[in-house]
There are 2 protein chains.
Amino acid sequence: MKNVPVVLTGYGNVGRAFVRLLTDKRLECARRYGLELDLKAVLRRSGGWLAKGCDDAEALTSSGASVALESHPGWVPGLTFDSAIDRLTPGVLAEATPSNWRTGEPQLAFLHSALDAGWNVAAASKGALVVDFRGLTEKARSRGLALKYSGATAAALPTVDVAAIALAGASIERIDGILTGTTNYILSRLEAGESFADALIEAQAKGIAELDPSMDIDGWDTACKLLLISNAAAGTNLTLADIPVEGIRNVSAAMLADARKEGRAVKLLGRLTIQDGRVKAEVKPVAVEPSHPLHGITGTVKGIAFMTDTMGTVVVTGGKSDPRGTAAAMLKDIINIYR
Amino acid sequence: MKNVPVVLTGYGNVGRAFVRLLTDKRLECARRYGLELDLKAVLRRSGGWLAKGCDDAEALTSSGASVALESHPGWVPGLTFDSAIDRLTPGVLAEATPSNWRTGEPQLAFLHSALDAGWNVAAASKGALVVDFRGLTEKARSRGLALKYSGATAAALPTVDVAAIALAGASIERIDGILTGTTNYILSRLEAGESFADALIEAQAKGIAELDPSMDIDGWDTACKLLLISNAAAGTNLTLADIPVEGIRNVSAAMLADARKEGRAVKLLGRLTIQDGRVKAEVKPVAVEPSHPLHGITGTVKGIAFMTDTMGTVVVTGGKSDPRGTAAAMLKDIINIYR
């Protein structure tokens, strides 16, 4: 049995789902992978919780989201990330703080500190990776550490690991992705004749869209994921500045009607094209043909199509779009680091 | 750069495509993975070809399928598999001899010999694995060797590696697979109103169906793949005797018409269900609902849906269904063994 120290940053919906999942999967991880995932600390803005022993961690993980972290024994007000990891044998950082994709903070500092201190990383937040993809991946590589981010790249929909493992040896010529469940859901409602405003309110009421939905609707969430997937899967070196981004605010009833007449469906696509070494990435609404592999992907479902030289087109769709699905993607990364 | 000795058994369509692919991907394998895949021998029933030096291997791989293997320098009439690998430093066996799924021979002997002699395996043939899955996988595990068979489990459609890597930590509760392009093509033609006999003749004329198509049509090809995928991905211990198999010979116009009336589509599914530890595997034509993730998969396209506990349903479709696609799956396995 291999013991893996785990530190979690962020204790919102995803962080809490991750803690719950660690409990639910404890026996299975031991049996199937020989791994004992040992939660040592949970950091939030206001401080951190430190496990004092096995029993303490067990109490936290089995109570899951039901009791406030701050009322558990081991809560240290004002505890910082650096001082928490200083006390611990390096393991893996599970990073789930909210994502600021313009500055990358606060995760950017966490990730650099963690890598500097010899920790592997399984990230669910995009911000830091989008802002400093090259710096972080090169730091991880030069130190022989794993930097994984399935949780940040469409979560339970597998994207980067399919490209790296299942398409090994094939060259990716194009990627088309429906990478944001929210926008796909709203487009499906527009197709059904709803107004944009109504569709958005409905998505917010169902908890699908954020209260500030602009990141999704204006295409930036898709662009961030496209950047990470392209850089990881196709070896590109994209920054956000390289990606023209158009969201779904201006998708008109006329555009939808025109598309429908020809059997096409409007999707917000993140698209990467690599032709003769020239890389082009963009995010925009596209009226896709019925023969397009993502034509039938509706509602909150996501999907990605890899067009390759030797394996043809390989399409992955589905994957749970909720905090537990994202937590499952983080757990997957941790298992794949240590198995 | 890591040098990897490669021995190929079988020089039919897949074997020749594999040799061609080694040439085409030589530089890319070196650049992306630091691997030099070094073809040392090719064995067929009548004898074998042995590389005498780098130039010799290069001459073979760059001429590809265009020149008969027997007329190359290095051809040794009557050379056996065992005497060929006896002379070589162990590397990886690329196994592409025609598959006999009742006896497993001749591959069964090759695979045991190869594992006994310390060779890793990337197999494209199903026979030996179906007949002796447990014996072969346990031999590989006990010797610390890799035994991979993407080429035998729907080839360029990723199945076992998606389950092992992209779904790590999730429990598979059901697998539904359209695993044979031939039968899916014939069903699509039947849907379009053709007779079974005409659809079969058309599939054979297009090179989609074998001249003896019974293995596909009667469901055994699907059953063999379901067995391998289930045992690898869900840890079952199925043998062919555990799988009731019904092919598509008796799919009637009435069944198709009934399905169509309700918007359903008839597919030959390989299905695994795991509920409360009870495992059930079967192959039969199923009229799937429009909401089923494989409903829209038509023609020679294949697809697989994994229903999981924590990641929801993850669906993979597509993947080239030709010898080059199968060769690409073998190459992928080799890269993943040595990267």
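The values are calculated or read from the model by the stated rules, or taken from the named source; none is laboratory data. Bear in mind the structure is a predicted one, so any value in this text is a computation, not a measurement. When we count neighbours, we look across all protein chains shown, and the Cβ atoms used for this are built from the backbone with ideal geometry, even at glycine.
Residues in region A:268-284 include none that are in contact with a Gly (Cβ under 6 Å, 6 or more places away or on another chain), within 11 Å of chain B (Cβ to nearest Cβ) and within 25 Å of A:Glu173 (Cβ to Cβ). Being touching a Leu at 6+ places or on another chain (Cβ under 9 Å) and buried (at least 18 other Cβ atoms within 10 Å of the Cβ) is the filter; apply it to region B:22-37 and report the residue that is farthest from A:Ala170 (Cα to Cα). The residue in question is B:Leu37.
Of the residues that sit in region A:40-58 and are surrounded by fewer than 23 Cβ atoms within 10 Å (Cβ to Cβ) and within 25 Å of the chain's Cα centre (by Cα), which one is nearest to the other protein chains (Cβ to nearest Cβ)? This residue is A:Lys40.
Could you list all residues from region B:1-18 that are within 21 Å of B:Asp82 (Cα to Cα), within 14 Å of chain A (Cβ to nearest Cβ) and crowded, with 23+ Cβ neighbours inside 10 Å? Once the filter is applied, which keeps residues that are within 21 Å of B:Asp82 (Cα to Cα), within 14 Å of chain A (Cβ to nearest Cβ) and crowded, with 23+ Cβ neighbours inside 10 Å, region B:1-18 yields only B:Val6.
Close contacts from region B:18-36, counting a first residue that is closer than 19 Å to B:Pro323 by Cβ and a second that is hydroxyl-bearing (Ser, Thr, Tyr) and at pLDDT below 95, with Cβ to Cβ under 7 Å and a gap of 6+ residues or different chains, come to B:Val19/B:Thr61; B:Leu22/B:Thr61; B:Thr23/B:Thr61; B:Thr23/B:Ser62.
For every residue, the table says whether it meets (1) within 13 Å of chain A (Cβ to nearest Cβ); (2) not aromatic (Phe, Trp, Tyr).
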residue: B:Ala156; (1), (2): yes, yes
residue: B:Ala168; (1), (2): yes, yes
residue: B:Gly193; (1), (2): no, yes
residue: B:Phe196; (1), (2): no, no
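If you go through region B:285-301 and pick out every residue that is out of contact with any strand residue (DSSP E or B) (no Cβ under 6 Å at 6 or more places or on another chain) and within 8 Å of another protein chain (Cβ to nearest Cβ), you end up with 1. Within region A:302-330, if we keep just the residues that are outside any strand (DSSP E or B) and more than 9 Å from every other protein chain (Cβ to nearest Cβ), the residue that is nearest to A:Ser188 (Cα to Cα) turns out to be A:Lys302. Exactly one residue out of B:Thr317, B:Thr239, B:Thr273, B:Thr326 is in contact (Cβ under 8 Å) with a residue 40 or more places away in the chain and within 25 Å of A:Ser150 (Cα to Cα), and it is B:Thr317.
Just a yes or no: is a residue in region B:204-214 among the hydrophobic types (A, V, I, L, M, F, W, C), surrounded by fewer than 22 Cβ atoms within 10 Å (Cβ to Cβ) and in a helix (DSSP H, G or I)? Yes, there is a match, as at least one residue in region B:204-214 is among the hydrophobic types (A, V, I, L, M, F, W, C), surrounded by fewer than 22 Cβ atoms within 10 Å (Cβ to Cβ) and in a helix (DSSP H, G or I). When the residues of region B:81-104 are filtered to those that are among the hydrophobic types (A, V, I, L, M, F, W, C) and in a loop (DSSP other than H, G, I, E, B), the one that is farthest from the chain's Cα centre (by Cα) is B:Leu88. Which is within 13 Å of the chain's Cα centre (by Cα), within 19 Å of B:Ile85 (Cα to Cα) and touching a residue at least 12 places away in the same chain (Cβ under 8 Å), of B:Ala123, B:Ala140, B:Ala117? Of the residues listed, the single one that is within 13 Å of the chain's Cα centre (by Cα), within 19 Å of B:Ile85 (Cα to Cα) and touching a residue at least 12 places away in the same chain (Cβ under 8 Å) is B:Ala123.
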